[in-house]
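Below: the structure, in structure tokens.
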Amino acid sequence: MSARRSSTFTPLPPQPPLPGGGAGVASTPRRTPARNANLTPAAAKHHQQNAGAADISVGRLLSSSTATALPPAPPAPIPTVRLSRLASDIYHPSLDFASFQARIRTFTGAFDGYVVEQLLLTEQEKTDARTELGERQDKLRAARRELESQSRAQRDLWDTVAEERAQDKRLRNAIASLVAQHAALTDRLVDADEEKTDVTARLESRKRVKLAQRAKLEAHRAQNAPELAALQRLLACKIERKTAQTVGGRENNGEMVKFSFGLLTHPQLPSRGVRGLDEQDSEAWFVLDVSRPTYEVPELYPLLPSAKLRELLAELNSSRALYVFVKNMREALELESQRESL
């Protein structure tokens, strides 16, 4: 760092000529040393510029020392000494060494003050430079922290953008899947509507068939009602619908019908013409399971031979003639009741 020059320096005033013809320090021409005799013109010019700057600096120092230094003390009287012949030959009364020494002291004091001032300025500049360097380092650290913060923010932004892109991709895939499901459900809805229409048509057809069957059954019931009444009156025949809980204790959820018959035996009347309690007609009955495609007789009274019962059931399952089966069962039960009464 270059030291700044003091602004208090002023040019030296014209110096009085020295005794003996001297021109003084400021007006003394600079001689070229022998070592600078062989310099190139460019180097010599540069050397002269440096020498001129040095003369100006020395002149400013001398003027500053003259302006700021105390007035020099009066020269001390030169003591009279005994000189040799050679010294007496060299001494000349025109050489004022006391004035020259005073100027040297003045220059030395001014130069020392200049050096001290420049050192103070240098320290001040160093302090200012350190302060400025600290401020710049603080700004640099703040800029680095800001850059790191921006870098983290940018990384977070990139992560956010990547996550949003991934989420957007997932949403697009989900939307595509939902669109495909919607299309599939639309097709299934069309098929379901067609199936519903078909089922509705079949249900309507079955309903019409059931209504026709019901009407036919009602007609048969109306037709068979007198015969059933005659059977109940003449043959003491009763028809009851039974469930599994009321027939033989068997667990069967199917539908069963119980046929009961009376007036199967005709005992002789006693002399008084009235039957006793032990002379009443015994009742025969059988239960027909109609819940399966093949008819079965799980219970009956009185018991018939197994071969006879299987024969009657086989004829019923092959011909589906229920009226004939009931008639044959009554005859078989009547014969069995008469045989037991003997």
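If I go through region 233-248 residue by residue, how many of them are in a helix (DSSP H, G or I), surrounded by 10 or more Cβ atoms within 10 Å (Cβ to Cβ) and modelled with pLDDT of 75 or more?
Residues meeting the conditions: 0.
Looking only at region 285-342, count how many residues are among the acidic types (Asp, Glu) and in a helix (DSSP H, G or I).
6
Quick test of your reading of the structure: Ala110 fulfils all but one of (1) part of a loop (DSSP other than H, G, I, E, B); (2) among the small types (Gly, Ala, Ser); (3) modelled with pLDDT of 90 or more. Name the failing condition by number.
Of everything listed in (1) part of a loop (DSSP other than H, G, I, E, B); (2) among the small types (Gly, Ala, Ser); (3) modelled with pLDDT of 90 or more, Ala110 misses just condition (1).
Evaluate region 50-66: report whether one residue or more is touching a helix residue (DSSP H, G or I) at 6+ places or on another chain (Cβ under 6 Å), in a helix (DSSP H, G or I), modelled with pLDDT of 55 or more and of a type in the set (S, T, N, Q).
Checked region 50-66: no residue is touching a helix residue (DSSP H, G or I) at 6+ places or on another chain (Cβ under 6 Å), in a helix (DSSP H, G or I), modelled with pLDDT of 55 or more and of a type in the set (S, T, N, Q).
Restricting attention to region 285-326, report how many residues are surrounded by 13 or more Cβ atoms within 10 Å (Cβ to Cβ) and within 19 Å of Leu228 (Cα to Cα).
So the count comes out to 8.
Glu251 is checked against (1) surrounded by 10 or more Cβ atoms within 10 Å (Cβ to Cβ); (2) among the acidic types (Asp, Glu); (3) at pLDDT below 80 and fails just one. What number does that condition carry?
(1)
The values are calculated or read from the model by the stated rules, or taken from the named source; none is laboratory data. Just so we're clear, the structure is a prediction, and the values are computed from it rather than from any experiment. With ideal geometry, Cβ positions are generated from the backbone for all residues, glycine too; neighbour counts draw on all protein chains shown.
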